[in-house]
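S.K.: One structure follows; several queries about it will come next.
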């Protein structure tokens with residue numbers, strides 16, 4: 001068990017997040033490259049929503065980039081949020097799956113009560129799957145904040161594995177969770193409540209982490 005915890009601890013790394021507040025005509029982005037030659041950019045644009053005179057602050061998230069052969073990954077919309085002005089936003093790319101076929105990103109948009117969205121983008125098909133982890137679950141973590149819940153990898157049957165930050169003062173130390181991202185149907189995103197990762201489950205770490213002792 002000690003070795004397992006050590007492997008998880010070493011596999012986790014500080015998520016390079018953008019932290020901003022929602023405002024008019026604001027652009028921010030973060031990028032990540034893979035060992036297979038993919039370069040992916042997650043971009044956020046926010047502005048005033050004039051529709052129906054609501055004048056909310058709308059944020060739009062897109063994924064784009066380049067493939068190993070130099071071909072472009074055309075911008076694909078992954079999420080849109082309407083909410084209050086000046087709300088806090090944090091987003092970043094966690095990494096690529098071990099098979100190199102998918103990239104995983106996280107978005108927390110809405111301040112202290114925001115859900116945590118896990119975005120899985122398939123580089124082969126350009127299809128998006130999403131898991132929206134409700135604030136109620138994040139609140140359950142107690143002293144573990146959203147930033148301390150990180151993507152550790154995936155399972156062979158399609159779950160994303162999340163871990164409370166090994167170095168944080170989480171109530172129960174390091175805990176592993178699993179959640180299954182699903183395709184968005186008719187623009188509706190249902191909440192996804194993580195469950196404990198079963199003992200003995202296989203975890204495929206995000207690449208390109210190479211662990212040596």
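Every read-out reported here was derived from the displayed coordinates using simple, explicitly stated rules and does not represent laboratory data. These numbers were taken from a predicted model, which means no experiment stands behind them. Please note: Cβ atoms are built from the backbone with ideal geometry, for glycine as well, and neighbour counts cover all protein chains shown.
S.K.: Give me the number: length gained by fully extending residue 64 to residue 21, i.e. 0.36 nm times residue separation minus the C-alpha to C-alpha distance, one decimal in nm. Don't jump to the answer; show the numbers that get you there.
M.R.: On the way: separation 43, 0.36 × 43 = 15.48 nm, distance 2.24 nm.
Here the answer is 13.2 nm.
S.K.: If you don't mind, there's one more thing I want to ask. Could you list 61, 38 so that the one with the fewest beta carbons within 10 Å of its beta carbon is first and the one with the most is last? Spell out each step's value before the answer.
M.R.: Numbers: 61 23, 38 18.
Lowest count first: 38, 61.
S.K.: Given the Cα-Cα distance of residue 98 and residue 49 and 0.36 nm per residue of separation, how much length would full extension add, in nm? It would help to have the intermediate numbers written out before the result.
M.R.: Numbers: separation 49, 0.36 × 49 = 17.64 nm, distance 3.89 nm.
So the chain would gain 13.7 nm between residue 98 and residue 49.
S.K.: What order do you get for 104, 89 when you list them from fewest to most C-beta neighbours inside 10 Å? Intermediate results must be reported in sequence, preceding the final value.
M.R.: Numbers: 104 21, 89 26.
Ranking 104, 89 by Cβ neighbours within 10 Å, fewest first, gives 104, 89.
S.K.: Given a Förster radius of 30 Å and the C-beta distance between residue 41 and residue 113 as r, what FRET efficiency does 1/(1 + (r/R0)^6) yield to the nearest 0.05? Intermediate results must be reported in sequence, preceding the final value.
M.R.: Numbers: r = 28 Å, r/R0 = 0.93.
Calculated value: 0.60.
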